[in-house]
Amino acid sequence: MKTKMSAMTYKEKRELRRAAMAPQLADIIEGFIVGSCFLYLVVGIFYWWITGEMLVKW
């Protein structure tokens, strides 16, 4: 039987370690791709709204 209890549980320590970690390369690449697609859509819709022309014609 334990007589001394740890101040923090393993899960709490793990959560603190994960929060302190730098973002991984895959997260950075994914954010760049998602952000680029979002900006492309926003600019395309804004351009169409202002000019009435499609920015990209298929």
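The values are calculated or read from the model by the stated rules, or taken from the named source; none is laboratory data. Predicted model, so just to flag it, every value in this text is computed and none were measured. In case anyone asks, the SASA skips ligands and DNA or RNA and just uses the protein heavy atoms, side chains included. Shrake-Rupley method; radii C 1.70, N 1.55, O 1.52, S 1.80 Å.
Each row is one residue, and each column tells you yes or no for (1) modelled with pLDDT of 80 or more; (2) open to solvent by 100 Å² or more (accessible area, probe 1.4 Å).
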residue: MET5; (1), (2): no, yes
residue: ALA19; (1), (2): yes, no
residue: ILE29; (1), (2): yes, no
residue: PHE32; (1), (2): yes, yes
residue: CYS37; (1), (2): yes, no
residue: ILE45; (1), (2): yes, yes
residue: TRP49; (1), (2): yes, yes
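Going by what's in this entry, would GLU53 be described as part of a helix (DSSP H, G or I) and acidic (Asp, Glu)?
no
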